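Take a look at the structure below.
The values are calculated or read from the model by the stated rules, or taken from the named source; none is laboratory data. Since the model is a prediction, treat every value here as computed from it, not as a measurement. FYI the Cβ positions are ideal-geometry reconstructions off the backbone, even for glycines, and counts take in every protein chain you see.
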Amino acid sequence: MTKKQRWSADQIPDQAKRVFVVTGANSGLGLATTRALARKGGHVILAVRDEVKGHRAAAGITAEQPDASLEVRRLDLVDLDSVRAFADQLRADHPRLDVLVNNAGVMAPPRSLSAQGHELQFASNHLGHFALTGLLLDLLTDGNDPRVVTVSSTNHRQGRLHFDDLSGERKYSPMGFYSQSKFANAVFGQELHRRLTEAGNPVRSVLAHPGYTSTNLQTSTPVAMVKMVFGHLLAPLAQPPQQGALSQLYAATAPEVKGGEFIGPDGFAELRGAPTRVQLSTAAADPHTGRRLWELSENLTGVRFRLPAVL
C-alpha cells in the first residue's frame, strides 16, 4: 500500500467459498464492489431496495462473468421491519456469512422521516446498518475471516451528532444531516471494533471511505443546490465507481487489514487514489461518544448486540 505498490482490484485474493452481503449493490460503489468480488469467486448477496434494479444489475454482471455467483434480496434500510425480515430470511438460507459491506446510503434529501419516525439519512445510513450488523453478527462470528466494512466519508470530519434534535425537527440542513449520518457510521465502526475486541470475537470491524466518486448519490438528490454542486460542477473531479470502491474492497479482502482501521484514497485530500490507512477524526474515535451512540441506537432499533460494553 505504499506509493510504489499501489493496491488494485487485481490484488484481491481468491474469494471462492466466501459469502458476502453488499448493501446498495445495484449501482455505484455497491455494484462495483459486487462485480469485483464476484470476479474473484465470491458468492455475493445483493441487498437492494428495488429488486427489479437488483436483478438488472446481477444480469449485467453475469453477462460479463457467466460463472458469477449472485443472489438478489430485498432490503430497505430505512424500514427496520424490512431489515429484520432480510436478516431472518438470510439466516434461514445461509449457515454463515463472511463479510458484510455496509455500503448503501442516501445523501442530502429534503427532511423526511422513516417508517419508524427517524430522520431519513440517519435511519438509512446508520440505524439500518447498525440493526443489520447486530442481527447478522452470529452468522459473521461463524464466518471465514469475518469482517464488517462500514462505509463512511470525509464528511464525517464535519459531522456531529445532534443528540437533542436527531430528527431535525427544530433545525434541518440536508448536508448537515448527511454529515451527521457519516459521522455516526464512523463512530459505530470504531465502537464495534472496541466491543468485538473486548469480547474476543473474531469479526473485524473496518471503516472505509471512497473519496470523491461519481455515483447517483450526488445526482439523485432533489435538492437543486446539492445536485448542481456535486452532480455537475464538481463532477469532472470525481473518480469512477470502480476506483472509489477500492477502499472498501481492500477493507473487505486484504489479509493485512486490522480491525479498527480506516481505509481511504491515498491522493490529495483523500479525494481519489489507491487505498491506504487514513485518520479517523478525534471526535469519531471518542469512546464516550461511541457508548452514547451505541446505547441510543439499541434503543431506537430494538437490536441488542451480545457484546460487552467497553468501560
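Miscellaneous remarks
- Subset of segment 256-273 (residues that are among the aromatic types (Phe, Trp, Tyr) and either in contact with a strand residue (DSSP E or B) (Cβ under 8 Å, 6 or more places away or on another chain) or under 21 Å from Ala284 (Cβ atoms) (or both)): Phe262
- Scanning segment 88-108 for residues that are crowded, with 18+ Cβ neighbours inside 10 Å and among the acidic types (Asp, Glu) yields one hit, Asp98.
- Test result for Asp79, surrounded by 15 or more Cβ atoms within 10 Å (Cβ to Cβ), at pLDDT 95 or above, in contact with a Pro (Cβ under 6 Å, 6 or more places away or on another chain) and not aromatic (Phe, Trp, Tyr): no
- Within segment 68-95, being out of contact with any helix residue (DSSP H, G or I) (no Cβ under 9 Å at 6 or more places or on another chain) and either without any contact (Cβ under 8 Å) to a residue 24 or more places away in the chain or aromatic (Phe, Trp, Tyr) (or both) holds for Ala85, Gln89, Ala92, Asp93.
- A residue that is modelled with pLDDT under 95 and buried (at least 20 other Cβ atoms within 10 Å of the Cβ) occurs somewhere in segment 233-241.
- Qualifying residue in segment 60-74 (condition: assigned to a strand (DSSP E or B) and either among the basic types (Lys, Arg) or over 27 Å from Leu135 (Cβ atoms) (or both)): yes
- Subset of segment 98-112 [over 16 Å from the mean Cα position of the chain (by Cα) and either among the hydroxyl-bearing types (Ser, Thr, Tyr) or at negative phi (or both)]: Pro109, Pro110, Arg111, Ser112
- Test: Gly30 is within 20 Å of Leu127 (Cα to Cα), in contact with a strand residue (DSSP E or B) (Cβ under 6 Å, 6 or more places away or on another chain) and in a helix (DSSP H, G or I): yes
- Leading residue by the ranking (surrounded by the most Cβ atoms within 10 Å (Cβ to Cβ)) among those in segment 148-165 that are in contact (Cβ under 8 Å) with a residue 60 or more places away in the chain, hydrophobic (A, V, I, L, M, F, W, C) and in contact with a strand residue (DSSP E or B) (Cβ under 9 Å, 6 or more places away or on another chain): Val151
- Any chance Leu77 is in contact with a strand residue (DSSP E or B) (Cβ under 6 Å, 6 or more places away or on another chain) and in a loop (DSSP other than H, G, I, E, B): no
- The conditions of being surrounded by 21 or more Cβ atoms within 10 Å (Cβ to Cβ), among the small types (Gly, Ala, Ser) and outside any strand (DSSP E or B) are not met by Gly117.
- Elements of type helices (runs of 4 or more DSSP H) contained in segment 123-228, each with 1 or more residues being among the hydrophobic types (A, V, I, L, M, F, W, C) and either modelled with pLDDT of 95 or more or within 15 Å of the chain's Cα centre (by Cα) (or both): 128-141, 174-199, 216-219
- Number of positions in segment 161-207 that are on the phi > 0 side of the Ramachandran plot and touching a Phe, Trp or Tyr at 6+ places or on another chain (Cβ under 7 Å): 1
- One residue from Gly290, Gly302, Gly260 being in contact (Cβ under 8 Å) with a residue 12 or more places away in the chain, buried (at least 19 other Cβ atoms within 10 Å of the Cβ) and of a type outside the set (Ser, Thr, Tyr): Gly290
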